[in-house]
Amino acid sequence: MFFIKKLIYSRPVKEFIKKSAYYYQRIIKLLFKKIKNSGKTFLCYPDFPYFNTKFYQIALFSGHKMTTNPKKKFDFAILWQDLTFRTIDKTLKDINQHKKVFNIKCKDISKEKVDQLFSKIFGYSIMIDPVIFQGKAIRKNNINGAHDAIIIDCPIKEKEPGYVYQKLINSEIKPGLFIEYRLFIIDRKISFTTIRHRPPHGRFTGDDGTIYMTQTNKIFNQQEIDNINRFCHEFGLDYGELDTMRNLDDGKVYILDANTTPYGANIFRKHKDHYQKIFWLNLKKFNKYLDKN
């Protein structure tokens, strides 16, 4: 009896019970949502979203349905292809004539394309020429989501094909802690903003780090917000996320990446950060937008 009692109150078992209770609470809410509202139907074309993408999780917990069959009845359509360069086929073009297709303009989300539009709007660029630049810089893949950035010393003899070379942004707010900002985009404008804190070993990885909610106007001034929203409009980012940084040396803001198929961590995770609050806020704002359209 003593052994059983000790087992029940042991930390691993208590954590399991807590997580299970939280999990079932969410499942019950999901079932209630599905009973209360059948939700919308999304045509995700040409591919079906992976289960660990934020779009899939939002659809799941909102009671929305997803299909890749354009012949089925649907309420909204989204270009869903986890690639940097996409081809818009006749099917999507025809649909877009009478029904909005989210992100149909996002045919190229490479780092070169992002910076091309960013520099046009902001008046400065993050890119450098590593053959003539002197000092430390970043070399990373032009393909979205590669997470292979490394710090290099410039100048170098020649550029490597398929890579871009960027300024090394000083975002170290205190020794060993780097900061960046993830902007959630809905309807081609900032929906809300989060802060990411990263340790040195996770500075260039796909790890979420520690995430906190914040107010957009506490991070960016109105001119910067207007420029970011203009970027989203011209880029055609109806739904997605932007990775941004502010250089602590000169105070300038930089848009690093545009993501149309953002992934998310396990929404049931128990962390000291705001990940769960961020997920439910994202879900709420996305559904509010759908209700208006």
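Pull out all pairs, ordered by first then second residue, where Cβ-Cβ is under 6 Å, the residues are six or more apart or on different chains, the first lies in segment 113-127 and is in contact (Cβ under 8 Å) with a residue 24 or more places away in the chain, and the second is among the β-branched types (Val, Ile, Thr) and not in a helix (DSSP H, G or I).
So the pair list comes out as ASP115/ILE126; PHE118/ILE255.
I'd like the full set of residues that are assigned to a helix (DSSP H, G or I) and among the β-branched types (Val, Ile, Thr), limited to segment 118-165.
Hit for segment 118-165 is ILE121, nothing else.
In segment 187-219, how many are within 21 Å of ASN52 (Cα to Cα) and assigned to a loop (DSSP other than H, G, I, E, B)?
Residues in segment 187-219 being within 21 Å of ASN52 (Cα to Cα) and assigned to a loop (DSSP other than H, G, I, E, B): 6 in total.
Could you run through segment 84-106 and say how many residues are surrounded by fewer than 14 Cβ atoms within 10 Å (Cβ to Cβ) and part of a loop (DSSP other than H, G, I, E, B)?
6
Please state which one of ILE126, ILE132, ILE58, ILE78 is in the same structural domain as ILE151 (by TED's automatic domain parsing) and closer than 22 Å to PHE184 by Cβ.
ILE126
Exactly one condition in (1) modelled with pLDDT under 95; (2) crowded, with 18+ Cβ neighbours inside 10 Å is not met by ASP207; state its number.
(2)
Which condition does ASP243 not pass, out of (1) farther than 25 Å from ILE109 by Cα; (2) touching a strand residue (DSSP E or B) at 6+ places or on another chain (Cβ under 7 Å); (3) among the acidic types (Asp, Glu), if it passes all the others?
ASP243 satisfies all of (1) farther than 25 Å from ILE109 by Cα; (2) touching a strand residue (DSSP E or B) at 6+ places or on another chain (Cβ under 7 Å); (3) among the acidic types (Asp, Glu) except (1).
For segment 166-186, how many residues meet the condition of being buried (at least 18 other Cβ atoms within 10 Å of the Cβ) and either outside the structural domain of GLN276 (by TED's automatic domain parsing) or assigned to a loop (DSSP other than H, G, I, E, B) (or both)?
Of the residues in that region, 2 qualify.
For LEU177, are the conditions met, namely being closer than 29 Å to LYS277 by Cβ and either out of contact with any Asp or Glu (no Cβ under 7 Å at 6 or more places or on another chain) or hydroxyl-bearing (Ser, Thr, Tyr) (or both)?
So LEU177 fits the description; yes.
Could you list, in sequence order, all residues of segment 93-107 that are over 15 Å from GLY236 (Cα atoms) and touching a Phe, Trp or Tyr at 6+ places or on another chain (Cβ under 9 Å)?
The answer is ILE95, LYS99.
Go through the residues of segment 252-275 one by one and say whether even a single one is assigned to a helix (DSSP H, G or I), modelled with pLDDT under 90 and within 15 Å of the chain's Cα centre (by Cα).
Yes: segment 252-275 contains one or more residues that are assigned to a helix (DSSP H, G or I), modelled with pLDDT under 90 and within 15 Å of the chain's Cα centre (by Cα).
Would you please name the residue that is nearest to PHE220 (Cα to Cα), looking only at residues in segment 187-202 that are touching a Gly at 6+ places or on another chain (Cβ under 9 Å) and buried (at least 18 other Cβ atoms within 10 Å of the Cβ)?
ARG196
Does at least one position in segment 61-82 carry a residue that is under 20 Å from the mean Cα position of the chain (by Cα) and part of a helix (DSSP H, G or I)?
yes
The values are calculated or read from the model by the stated rules, or taken from the named source; none is laboratory data. Please read all numbers here as calculations on a predicted model, not as lab measurements. Cβ atoms come from the backbone with ideal geometry, glycine included; neighbour counts cover every protein chain shown.
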